[in-house]
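What follows is a single structure, written as structure tokens, with notes after it.
The values are calculated or read from the model by the stated rules, or taken from the named source; none is laboratory data. Please read all numbers here as calculations on a predicted model, not as lab measurements. Note that each Cβ is placed from the backbone with ideal geometry, even for glycine, and that neighbours are counted across all protein chains shown.
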Amino acid sequence: MIYYNLVLLILFFTLFLILIRRLSKKKYKVTTKEGILAEKLQGIIKGGKNIFEEIEKLLIEADIGPSTVYDILEAIREDNKRIKNYKELTGFLKAHLTKVLDGSEGKLNLSDKSIILIYGVNGVGKTTTVAKLARYLTVKGKKVALVAGDTYRAAGGEQLDVWANRLNVKIYKQGHGADPGAVIFDAITSFKNKKEYTTLIIDTGGRLHTNENLVNQFSKIIRVIRKAWGKIPDERLLVLDGTMGQNTVNQVNIFSKVIDINGIIMTKLDGTAKGGILIRIFKKYNIKIKFLGMGEKIGDLEEFRISNYLERLF
Ligand SMILES: Nc1nc2c(ncn2[C@@H]2O[C@H](COP(=O)(O)OP(=O)(O)OP(=O)(O)O)[C@@H](O)[C@H]2O)c(=O)[nH]1
Ligand SMILES: [Mg+2]
């Protein structure tokens, strides 16, 4: 009889444990926000794996950069007792990275008449970003005109033309193969004297075979703008492709030799790309991050906000 009762008790207890686990799992799903790294972090915590090794691997994979990852792990070690679950871990990571990113949010600084220069390597999303910015500024009441400065690619000017038509904004363009310097010079000269436009956004080409060519061509464009405008462009925005990872650091390095970059726009963060590299770039170059490209459509441009960015990352 005693034996029978004991078996019954064990059975009851096991069922109770299963029920508790089920319930807590359900609660877990409801209460956690699912950022890109969320699932993996939950796995680490729940799997009882070596938490430091796993977090290190994950943060390195997210392109956050070795020195920042090292700092984070040191801080977690010091604060080890506090981190008991997923929520506490992400809270800790967000708080730490918010400090690292302090000062990284950048806004456009435009006056009654300003020029925005958009540049970056081949295919990163420059032309799309020019169109997105045109719409962003039009909504804010600016009178925008565009310059098709990419004359290398046969479709380069046409692509911008399509956007300009859709947005109903002015576009300065010349034929395929024209000298980009001449296109830009003529556009600025006209823009300067036209009261009906407040903001000129210049698209440039990125299709050059070597870094040296790119730098030479780009230096020439800046010289032309200085000559026509009397100073460097008011906004000098480098477009980086979020899916390119570590490569983007080299791109910042190359362009920073020729131009005083005053803002970064990172595109293609609507897919699996985490964009953790922005943390590394900001730490290294201290350049403001101004916008994130979140898709191919005209409205898919987001002002960079540290909190939103980190919310998406974790
Ligand atoms: N998913 C996604 N795709 C994007 C985004 N921005 C641009 N693209 C796509 O990326 C591709 C290249 O975009 P473009 O704007 O032509 O890039 P570009 O830098 O002007 O290219 P080149 O002029 O050839 O150097 C296009 O298919 C765009 O639709 C983004 O934020 N998300
Ligand atoms: Mg283009």
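Quick notes on this structure:
- Residue check: Ile76 meets all listed conditions (1) within 21 Å of the chain's Cα centre (by Cα); (2) crowded, with 17+ Cβ neighbours inside 10 Å but one, namely (1).
- Qualifying residue in the range 92-105 (condition: modelled with pLDDT of 95 or more and in contact with a strand residue (DSSP E or B) (Cβ under 6 Å, 6 or more places away or on another chain)): yes
- All of Gly293, Gly263, Gly245, Gly276 fail the test of being within 16 Å of ligand 2 (Cβ to nearest atom) and either of a type outside the set (Val, Ile, Thr) or touching a Leu at 6+ places or on another chain (Cβ under 7 Å) (or both), apart from Gly293.
- Among the conditions (1) surrounded by 21 or more Cβ atoms within 10 Å (Cβ to Cβ); (2) modelled with pLDDT of 95 or more, the only one that Thr151 does not satisfy is (2).
- Any hit, the range 179-197, residues being free of Cβ contacts under 8 Å to residues at least 60 places away in the same chain, within 28 Å of the chain's Cα centre (by Cα) and within 16 Å of ligand 1 (Cβ to nearest atom): yes
- Where a residue in the range 302-314 is closer than 14 Å to Leu269 by Cα and touching a residue at least 40 places away in the same chain (Cβ under 8 Å) and its partner, wherever it lies, is in a helix (DSSP H, G or I) and among the basic types (Lys, Arg), with Cβ under 6 Å and at least six apart: Leu310/Lys94
- Where Thr248 falls short, out of the listed (1) in contact (Cβ under 8 Å) with a residue 60 or more places away in the chain; (2) within 16 Å of ligand 1 (Cβ to nearest atom); (3) crowded, with 19+ Cβ neighbours inside 10 Å: (1)
- Any hit, the range 223-237, residues being under 11 Å from the mean Cα position of the chain (by Cα) and away from ligand 2 (no atom under 16 Å from the Cβ): no
- Residue in the range 108-126 that is within 16 Å of ligand 1 (Cβ to nearest atom) and assigned to a helix (DSSP H, G or I) present: yes
- Among the conditions (1) within 16 Å of ligand 1 (Cβ to nearest atom); (2) closer than 19 Å to Ile265 by Cα, the only one that Leu200 does not satisfy is (1).
- Taken together, Lys192, Lys257, Lys268, Lys220 contain a single residue that is surrounded by fewer than 16 Cβ atoms within 10 Å (Cβ to Cβ) and either modelled with pLDDT of 95 or more or not assigned by TED's automatic domain parsing to the domain that holds Ala145 (or both), which is Lys192.
- Looking across Leu108, Leu160, one residue alone is in contact (Cβ under 8 Å) with a residue 40 or more places away in the chain and away from ligand 2 (no atom under 14 Å from the Cβ). It is Leu108.
- Scope the range 282-305; condition buried (at least 16 other Cβ atoms within 10 Å of the Cβ), outside any loop (DSSP other than H, G, I, E, B) and either under 11 Å from the mean Cα position of the chain (by Cα) or of a type in the set (Ser, Thr, Tyr) (or both); matching residues: Ile289, Lys290, Phe291, Leu292, Gly293, Leu301, Glu302
- Sole exception among (1) away from ligand 2 (no atom under 14 Å from the Cβ); (2) on the phi < 0 side of the Ramachandran plot; (3) at pLDDT 95 or above for Asn213, by number: (3)
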